[in-house]
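Trainee: First, the structure itself, so that you have it in front of you.
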Amino acid sequence: MNCEGARDSIILAAYGELPDEDVVGLEQHLAVCQTCLDELNEIRALDRTVALYPMLEPDPNLVAQSRMRLDEALDAMPPHGFVTRVQSGWAVWLGNLRSAPALATLLIGIGFLSGNFTHRYQDAHQPKPPMPPVILSNPSGGGISSISAINQLPNDMVQVSYNRVVPEMAEGSLDDPQIRQLLMVGTKAAANNLVHADSVVLLANECRVGHQCVIEADGSGIRNALLVSLRTDKSPSVRLKVLEGLQPYVSQDERVRDAVAQALLTDSSAAVRTKAIAMLEPVQSDTSVRQVLRTVSTTDDNPYIRTVSTQALQGSASIQ
């Protein structure tokens with residue numbers, strides 16, 4: 001990559017739009033070109049300066065009015081639904097069968113089973129309780145500069161301490177967009193930083209259980225952050241957590257599949273490469289996946305990795 005191409009890549013990287021395949025080339029160029037590295041540092045310094053300006057908060061009157069309208073809409077909902085009316089009809093009908101004890105006993109048994117099923121259906125489909133509000137220690141502060149600590153709390157809550165002009169703290173649900181944004185900032189901390197590891201692990205757990213783990217149109221999002229961490233994080237245990245978070249998407253997202261295949265080829269940890277083989281084995285219909293497994297089965301330095309790759313290929317052949 002020459003300096004002209006590197007400058008274009010630096011701008012794309014600043015806006016989070018640099019394709020994954022160009023990141024390595026940019027990093028290699030920056031390692032030998034001080035001019036381009038200085039330009040990147042200037043952009044980062046500008047980002048830090050912009051972050052110092054205050055972030056506008058919503059008008060308290062608007063928030064209060066919105067909550068009042070929500071309460072009125074909830075109060076206007078009908079008190080009983082279709083399932084409740086059906087249950088009431090069953091009760092009246094069974095009351096008319098007192099003169100037929102045997103049939104009544106049979107119908108009571110059927111009604112018990114139906115009621116049990118209905119109760120489970122209602123529990124499964126009842127709306128989730130609203131997320132608790134995010135509590136800010138100082139809502140009037142400026143932009144976020146860094147994440148200083150993360151503590152997971154009971155009931156799927158998380159406490160994030162972050163720095164503006166002075167240290168601040170936010171507490172809220174893992175599903176809250178503001179908490180997720182803070183965790184995304186935490187993933188950009190130094191790779192050996194405990195905050196970085198905690199942020200990546202929490203986001204990986206969110207992806208593993210399927211909580212809005214998407215890649216946005218601009219290339220941002222939790223899944224993209226995990227793909228970057230899989231490639232750049234220095235901790236094998238964190239990279240293993242990333243693989244666990246990405247596992248549900250390896251069959252449906254080609255970018256995830258390619259990233260796992262690249263980890264199998266280049267990751268220095270045998271544990272990470274072993275996990276990558278287990279994730280790729282069910283998707284060997286992808287010819288590029290089979291080619292990677294063949295390469296690893298003959299060239300990997302670890303005999304165990306070569307054996308596992310060979311077994312994965314043989315298992316696929318026997319199924320076919």
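The values are calculated or read from the model by the stated rules, or taken from the named source; none is laboratory data. Source: prediction; values computed, not measured. Backbone-built Cβ (ideal geometry, glycine too); neighbour counts: all protein chains shown. Note: accessible area is taken over every heavy atom of the protein model, side chains too, but ligands, DNA and RNA are not part of it. Shrake-Rupley method; radii C 1.70, N 1.55, O 1.52, S 1.80 Å.
Trainee: About its Cα centre, what dipole magnitude does segment 163-283 give when the only charges are +1 on Lys and Arg Cβ and -1 on Asp and Glu Cβ, stated in debye to the nearest 20? Don't jump to the answer; show the numbers that get you there.
Mentor: Working: 13 positive and 15 negative charges, 83 e Å.
Once rounded to the nearest 20, the dipole reads 400 debye.
Trainee: Which ³J(HN,Hα) values in Hz, rounded to whole numbers, follow from the phi angles of segment 296-301 under the Karplus curve 6.51 cos²θ - 1.76 cosθ + 1.60, where θ = phi - 60° and Gly and Pro get x?
Mentor: Running phi through 6.51 cos²θ - 1.76 cosθ + 1.60 with θ = phi - 60° gives 5, 5, 10, 10, 5, 5 Hz.
Trainee: Be a star and scan segment 38-67 for residues whose amide nitrogen sits under 20 Å from the point 7 Å along the Cα-to-Cβ vector of Cys3.
Mentor: Residues 38-44 qualify, since their backbone N sits under 20 Å from the label point.
Trainee: Same structure again: Between Leu265 and Glu57, what is the spin-label point distance in nm, taking each point 7 Å from the Cα along the Cα→C-beta axis?
Mentor: Taking the simple label geometry, Leu265 and Glu57 are separated by 5.0 nm.
Trainee: Please work out whether segment 200-291 counts as rounded, prolate or oblate from its C-alpha gyration tensor, where a ≥ b ≥ c are the square roots of the eigenvalues and a/c under 1.5 means rounded, while otherwise a/b larger than b/c means prolate and anything else oblate? Provide the component values of the computation, followed by the final result.
Mentor: Working: a/c = 1.65, a/b = 1.19, b/c = 1.39.
Oblate.
Trainee: Quick check: residue separation of Ser66 and Glu254 times 0.36 nm, minus the Cα distance between them. What number comes out in nm?
Mentor: 63.6 nm
Trainee: Within segment 250-291, name every residue whose backbone N is under 18 Å away from a label modeled 7 Å from Cα of Thr298 along the Cβ vector.
Mentor: 265-266, 287-291
Trainee: What ranking, highest mean first, results for peptides 223-233, 267-277 when packing means the other Cβ atoms within 10 Å averaged over each residue? Write down the numbers at each step before the final one.
Mentor: On the way: 223-233: 21.4, 267-277: 18.4.
My ranking of the peptides, most packed first, is 223-233, 267-277.
Trainee: Another question, then. List the residues whose amide H sits under 5 Å from the amide H of Ala149, counting only those 5 or more places along or on another chain, with H placed 1.01 Å from N in the peptide plane.
Mentor: So Ala149 has HN proximity to Ser161.
Trainee: Could you please state how large a percent of the accessible area of segment 196-295 is carbon and sulfur, counting protein chains only and using a 1.4 Å probe?
Mentor: Heavy-atom surface of segment 196-295 belonging to carbon and sulfur, 1.4 Å probe: 49 percent.
Trainee: For segment 202-212, in order, what is each residue's ³J(HN,Hα) by Karplus, 6.51 cos²θ - 1.76 cosθ + 1.60 with θ = phi - 60°, in whole Hz (x at glycine and Pro)?
Mentor: Using θ = phi - 60°, the values come out as 5, 5, 5, 5, 4, 5, 4, 9, x, 8, 6 Hz.
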